[in-house]
1. Given (1) part of a strand (DSSP E or B); (2) touching a Ser or Thr at 6+ places or on another chain (Cβ under 7 Å), identify the lone condition not met by Gln31.
2. State which residue pairs qualify: first residue free of Cβ contacts under 8 Å to residues at least 12 places away in the same chain and inside segment 15-43, second residue in a strand (DSSP E or B) and surrounded by 13 or more Cβ atoms within 10 Å (Cβ to Cβ) in any location, beta carbons under 7 Å apart, and separation of 6 or more residues or different chains.
3. Can you go through Ser51, Ser26, Ser36 and tell me which one is at pLDDT 85 or above, polar (S, T, N, Q) and surrounded by 11 or more Cβ atoms within 10 Å (Cβ to Cβ)?
4. Residue by residue through segment 1-18, note down the ones that are at pLDDT 85 or above and not polar (S, T, N, Q).
5. Do the conditions hold for Tyr46, that is, is it touching a strand residue (DSSP E or B) at 6+ places or on another chain (Cβ under 7 Å) and not acidic (Asp, Glu)?
Amino acid sequence: MDDGGKVSSGMKLATNSLKYTEVLSSILNYQTSIISAGVPNQYNIYIPKKSMNKLIDIVGFYIHPSMKFGV
């Protein structure tokens, strides 16, 4: 639950161990983008502020209460 973090007004999910095509296939149904992890061939998923409510609807139930800062 801690492999990501706030970036600007959105958030990033660290997907460094996935190939670009695996990251791409996981975001196709959402308004997200792929950003560089700062290391060659490693990528993160960026979720903009406008998509945060949809993300919370999908995964909010699974977030441990101690990890719910600002949700």
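The values are calculated or read from the model by the stated rules, or taken from the named source; none is laboratory data. Just so you know, these numbers come straight off a predicted model, no measurement behind them. FYI the Cβ positions are ideal-geometry reconstructions off the backbone, even for glycines, and counts take in every protein chain you see.
1. Condition not satisfied by Gln31: (1).
2. Cβ pairs passing all conditions: Leu24/Ile34; Ser36/Tyr43.
3. Values: Ser26 fails: at pLDDT 85 or above; Ser36 fails: surrounded by 11 or more Cβ atoms within 10 Å (Cβ to Cβ).
Of the residues listed, the single one that is at pLDDT 85 or above, polar (S, T, N, Q) and surrounded by 11 or more Cβ atoms within 10 Å (Cβ to Cβ) is Ser51.
4. Gly10, Met11, Lys12, Leu13, Ala14
5. Working: touching a strand residue (DSSP E or B) at 6+ places or on another chain (Cβ under 7 Å): yes; not acidic (Asp, Glu): yes.
Answer is yes for this residue.
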